[in-house]
Protein chains: 2
Amino acid sequence: MERIERHASHGGSQEVWKHASSVVGGEMKFGIYLPEAALRGQQCPVLYWLSGLTCTEQNFITKAGAQRYAAEHGIIVVAPDTSPRGDTVPDSPDYDLGQGAGFYVNATRDPWARHFRMYDYVVSELPTLIEGGFPASDARSISGHSMGGHGALVVALRNPGRYRSVSAFSPIVAPSQVPWGEKALAAYLGDDREAWKQYDAVALVANGGKSGGKSVSEQLPLLVDQGDADDFLDTQLRPQLLQAACEKAGYPLQLNLREGYDHSYYFIASFIGEHMAFHAKALA
Amino acid sequence: MERIERHASHGGSQEVWKHASSVVGGEMKFGIYLPEAALRGQQCPVLYWLSGLTCTEQNFITKAGAQRYAAEHGIIVVAPDTSPRGDTVPDSPDYDLGQGAGFYVNATRDPWARHFRMYDYVVSELPTLIEGGFPASDARSISGHSMGGHGALVVALRNPGRYRSVSAFSPIVAPSQVPWGEKALAAYLGDDREAWKQYDAVALVANGGKSGGKSVSEQLPLLVDQGDADDFLDTQLRPQLLQAACEKAGYPLQLNLREGYDHSYYFIASFIGEHMAFHAKALA
């Protein structure tokens, strides 16, 4: 691991690191905010943030303003890039497939299968790296935006024991049912829609809630914020599908529909303080 | 004037507008944050923010996180571009001269004199536009970063009656004495260093404080924040020159040297809340 950026921020340190990832077979970057307590060597809980389409590790750390709240609550915040990058990594000319659009899956189809393993990277390799290399406890929460909101929901629903809470801004809740998700899942996983279900929050809730196999004790505190002026609301996001699945499965969901807010980081910055407080409570 | 962006933010609206400027002879853009009270038509005071080298109207509005505090205090925040732009506007291949580097002067030398009139734009044309087109009162304060910190200091020191308070992050306090300033002022104003003094905060304080012509009643509340890990501290910024000039002239200055902070927006975001509170008090 090599630190490539370091900036004092709200009494702590906003850093960017790069490292060789065996899971994705190439170099990965992540942003990490270390609150003052962590700089003093005290173990701190960790919030993972997964970004959306086209984003790198930079978008969240420069635009969301989360550092102030991370400092307040003494939480480490880790924001990885959204895919492997570079000349040796397959790509597509489209913004919604390939580099910058990993969709947090383990791809099984060529040419993607070798490198596009962001699910394993986020669930396993990255936390191991963070908990081994920084004063990070194993108290983890996860959040994200849009494609990253989808990633956060899927990762948390499939691994409830590894996380204390999950939240999302403007998530793609049902990738199997919307154009962004159908395109990506078909490319990365092939045409068998059964294989898509493990990466579809609505399908996971339907299969794993009270009416499915999982116990209530595996339900995580779940918070979703969605702007009602979001251009992608009806075509790609459709939070009402998650709401209906949660109601049916008895999975508690706090869904905030925010009047006038769009899909941008201005929306995230407006409510990231509430999400950080939500996670801080679960991580305490 | 035409609105080209609009995003709900912290209960208010972050917008970007463009307009034909007669002062700079071309199109200009500015960001404006309207707190909820302004959206309801209530007159609000205005903080002007001047950005640094290479910046557009976007940097501050996407990275500083000022909207939260502007919402809290009910302040409109206006952040103009740092120069005129476009194919018909002269430029230089250097990042520190020409487009993106207006230095908040009225240029008198060719090829710059026609368009590079950012001083008049900031002091006169922009406030007229804001106070005519938005629910903005004539209670004004001004702040900025680096080249924009220089601009804020110069504009306020020369027009104390037009502003209630002034602050700066990492300002170029004495452009006549540092490479960035010497290059820009020579290009825009020519080699006569006497002409530079009207755009040099240290010279203005020395000539206009108690020992000069101005009365104490014209002294504005003045706050400067400077990181001690700023790469430009000793070569381009040199806040101790302003401190010495203020001490000599009896001009009250609050200078905060911040341990470990650099020249980036992470620094600004860490202390913009304190600056907004400082201005809110003066604007009340």
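The values are calculated or read from the model by the stated rules, or taken from the named source; none is laboratory data. This is a predicted model, so every value here is computed, not measured. All Cβ positions, even for glycine, are placed from backbone atoms using ideal geometry, and neighbour counts span all protein chains on display. Each accessible area value is taken on the protein alone, full model and side chains, heavy atoms only, with ligands, DNA and RNA left out. Shrake-Rupley method; radii C 1.70, N 1.55, O 1.52, S 1.80 Å.
Some points to look at:
- Test: B:D228 is open to solvent by 30 Å² or more (accessible area, probe 1.4 Å), in contact (Cβ under 8 Å) with a residue 24 or more places away in the chain, within 14 Å of another protein chain (Cβ to nearest Cβ) and more than 17 Å from B:S141 (Cβ to Cβ): yes
- Residue within the stretch A:108-130 that is more than 16 Å from A:G25 (Cα to Cα), open to solvent by 30 Å² or more (accessible area, probe 1.4 Å) and either at pLDDT below 95 or not hydrophobic (A, V, I, L, M, F, W, C) (or both) present: yes
- Residue in the stretch B:80-100 that is touching a Phe, Trp or Tyr at 6+ places or on another chain (Cβ under 9 Å) and of a type in the set (F, W, Y) present: no
- Within the stretch B:231-241, the set of residues being within 14 Å of another protein chain (Cβ to nearest Cβ) and closer than 17 Å to B:A201 by Cβ comprises just one member, B:L233.
- The residues in the stretch A:72-91 that are touching a residue at least 60 places away in the same chain (Cβ under 8 Å), open to solvent by less than 40 Å² (accessible area, probe 1.4 Å) and more than 27 Å from A:E274 (Cβ to Cβ) can be counted, and the count is 3.
- Restricting attention to the stretch B:237-269, the residues that are assigned to a helix (DSSP H, G or I) and either of a type in the set (A, V, I, L, M) or open to solvent by 20 Å² or more (accessible area, probe 1.4 Å) (or both) add up to 14.
- Of the residues A:A186, A:A201, the single one that is open to solvent by less than 80 Å² (accessible area, probe 1.4 Å) and out of contact with any Lys or Arg (no Cβ under 9 Å at 6 or more places or on another chain) is A:A201.
- Test: B:G133 is open to solvent by less than 10 Å² (accessible area, probe 1.4 Å) and either touching a His at 6+ places or on another chain (Cβ under 9 Å) or modelled with pLDDT of 95 or more (or both): no
- Residues of the stretch B:12-28 that are of a type outside the set (G, A, S) and within 18 Å of B:V123 (Cβ to Cβ): B:H19, B:V23, B:V24, B:M28.
- Residue check for A:Q219: closer than 29 Å to A:Y69 by Cβ, modelled with pLDDT under 95 and crowded, with 18+ Cβ neighbours inside 10 Å: yes
- Search result, residues across the stretch B:56-82 that are over 12 Å from the mean Cα position of the chain (by Cα) and either farther than 21 Å from A:Y266 by Cα or hydrophobic (A, V, I, L, M, F, W, C) (or both): B:I61, B:A64, B:A66, B:A70, B:A71, B:I75, B:I76
- Test: B:A8 is of a type in the set (A, V, I, L, M), crowded, with 20+ Cβ neighbours inside 10 Å and within 14 Å of chain A (Cβ to nearest Cβ): yes
- Odd one out for B:L39, checked against (1) open to solvent by 60 Å² or more (accessible area, probe 1.4 Å); (2) within 11 Å of chain A (Cβ to nearest Cβ); (3) in contact with a Lys or Arg (Cβ under 7 Å, 6 or more places away or on another chain): (3)
Yes/no per residue for (1) at the interface with chain B (Cβ under 9 Å from one of its Cβ atoms); (2) of a type in the set (A, V, I, L, M, F, W, C):
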| position | (1), (2) |
| --- | --- |
| A:L222 | no, yes |
| A:Q243 | no, no |
| A:K248 | no, no |
| A:P252 | no, no |
| A:L255 | no, yes |
| A:D262 | yes, no |
| A:Y265 | yes, no |
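- All of (1) within 14 Å of chain A (Cβ to nearest Cβ); (2) open to solvent by 30 Å² or more (accessible area, probe 1.4 Å); (3) in contact with a helix residue (DSSP H, G or I) (Cβ under 8 Å, 6 or more places away or on another chain) hold for B:Q177 with one exception: (1).
- Among the residues of the stretch B:271-283, none qualifies, meaning not one is away from chain A (no Cβ under 14 Å) and of a type in the set (V, I, T).
- Subset of the stretch B:49-70 (residues that are surrounded by fewer than 23 Cβ atoms within 10 Å (Cβ to Cβ), without any contact (Cβ under 8 Å) to a residue 60 or more places away in the chain and within 14 Å of another protein chain (Cβ to nearest Cβ)): B:Q58, B:T62
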